[in-house]
Amino acid sequence: MFLIAATTILALAGVEQDAMAFHRLAGTSWALWSDKDAMTDRRSAEARLWSRDKAVQLSFRCDNAGERPRLVIAFLVPFDVGTSLSRVTLRFDNGKPDSSLWKAYESNVIGFYPTDLAKRFLAARTVTVRIDDRQFLHHDATFDPAGGSRAVEDVIAACKAR
């Protein structure tokens, strides 16, 4: 039931953002939002990809809120990760898993990373992520990032534009 409600909310949010500049990249599972702030002229962009089981979303976006724009990679999750740090383990294709601590904000974990990590996502055929929730339980999700280069490149360009 929660997944249906969350999907409905996201679908409604997509309808609202459709007026801004929402589009799905043809032949892929990627969706891209972009917008320009009316007051600052800063460009914002976000690319999203659902996990195979449609439970977790991977988001690449440009955070223009601070002095310098930076690339943000986030996982939007249907469980509580708390409000501190959460362990995130990434495995690209059949490579060695790599764990690090990411900032947790209740229903998403956020990493502020250089574009190198984005390039690793896009070069992989599959990306598996393990996220620990507030009770230190593991939640795994697998993504198929094929075809996302154009969307993520747009996000990176938005981050570089001032």
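None of the figures in this text is laboratory data; all of them are computed from the coordinates on show. Computed from a prediction, not measured in an experiment: that's the story for all the values here. Cβ placement follows ideal geometry from the backbone for every residue including glycine, while neighbour counts extend to all protein chains displayed.
Once the Cα atoms of segment 117-162 are picked out, what are the Rg and Dmax in Å?
Computed over the Cα atoms of segment 117-162, radius of gyration and Dmax are 14.0, 41 Å.
Take the alpha carbon atoms of segment 122-136, find their center, do the same for segment 24-56, and report the distance between the two centers in whole angstrom.
Between the Cα centres of segment 122-136 and segment 24-56 lies a distance of 19 Å.
Neighbouring Cβ atoms within 10 Å as the yardstick, rank Leu58, Leu49, Leu117 fewest first.
Leu117, Leu58, Leu49
Counting other C-beta atoms within 10 Å, which of Trp102, Trp50 has the fewest, and how do the rest follow?
Ordered from fewest to most neighbouring Cβ atoms within 10 Å, Trp102, Trp50 come out as Trp50, Trp102.
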